[in-house]
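The values are calculated or read from the model by the stated rules, or taken from the named source; none is laboratory data. No experiment lies behind these values; they were computed from the predicted model shown. Note that we place each Cβ from the backbone using ideal geometry, even for glycine, and neighbour counts take in every protein chain shown.
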Amino acid sequence: MILNKIAGVFRAISGSPHPKNFTSAIIAAAGMSTRFGGDTTKQMTELCGRPVLFHTLLAYQKTECIHEIIIVAKKDEIPEWEKLCKRYGLSKVKKIIPGGKTRQLSVMNGLDAVSKESKFVAIADGARCLTTSEQIEAVCRAAYKYKAATAAHRSTDTVKIADKKGFISETADRDFIWLMQTPQVFKTNLYRAAAYTAFKDSFEATDDNSLVEYVGHQIRLVECGANNIKITTKADLVVAEAILKERRKVDGTAI
């Protein structure tokens, strides 16, 4: 007991993270931004005077339970991100690496780049720039308990299931419909096993939760609200800017 307390004091003095929950954030920012349109990728597009990706990185930089950040980016954008991280003192960014042909392969590249100490990975969309430190911490705490947790928002819309011809076939029970967000946080070894099993089986998924579901593990849902949006189209920028400006007025947290 005394030794544990001494170790805790030493960690606090040295600034070393507790190895039990060492958490690596993998920020997926290598997308082509096809739906966004234009010559500039959405992660490079300015939002309140800073690139979209900067706002995402800042939230993870400020989150106490995040110990390192790995950015997976387009190869030709890496020098720009290196300059940005240095300029704004984003000290938790340890590596910026090129992405793969798909998001799934890009995240696997990020997984291969995390520290040996990594016990959990928090996988996030680079364009989900309104995520707060409080939301990241809440999802991480759930993952520490359940080994897998995800940011999500309970649907407020009526959801219909369509048949192949485009007609309604059934109405889903809204009480059980959740919209997936990021971060999606997993025990590192669990996610590694899931990712490589999916790769071996040629199983493709639209999010990382699906890979962990594929190997039979349950994932805890954490309500993170409707504002935790991902920038997909230029219309989303208008919404994001309004939310950031409102946060700045209320509590000064937005840049």
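Worth pointing out:
- Residue within segment 87-96 that is part of a loop (DSSP other than H, G, I, E, B), over 23 Å from Q218 (Cα atoms), of a type in the set (K, R) and in contact with an Asp or Glu (Cβ under 9 Å, 6 or more places away or on another chain) present: yes
- Tally of residues being crowded, with 20+ Cβ neighbours inside 10 Å, assigned to a helix (DSSP H, G or I) and not small (G, A, S) across segment 45-76: 7
- Positions within segment 173-192 being buried (at least 24 other Cβ atoms within 10 Å of the Cβ) and in contact with a Lys or Arg (Cβ under 8 Å, 6 or more places away or on another chain), in sequence order: Q181, T182, F186
- Which listed residue, of A194, A151, is at pLDDT 95 or above, in a helix (DSSP H, G or I) and small (G, A, S): A194
- Flag if D157 is on the phi < 0 side of the Ramachandran plot, over 21 Å from the mean Cα position of the chain (by Cα) and not in a loop (DSSP other than H, G, I, E, B): no
- Count - residues of segment 100-118 that are touching a Ser or Thr at 6+ places or on another chain (Cβ under 6 Å) and surrounded by fewer than 18 Cβ atoms within 10 Å (Cβ to Cβ): 1
- So A226, is it part of a loop (DSSP other than H, G, I, E, B), in contact with a strand residue (DSSP E or B) (Cβ under 8 Å, 6 or more places away or on another chain) and on the phi < 0 side of the Ramachandran plot: yes
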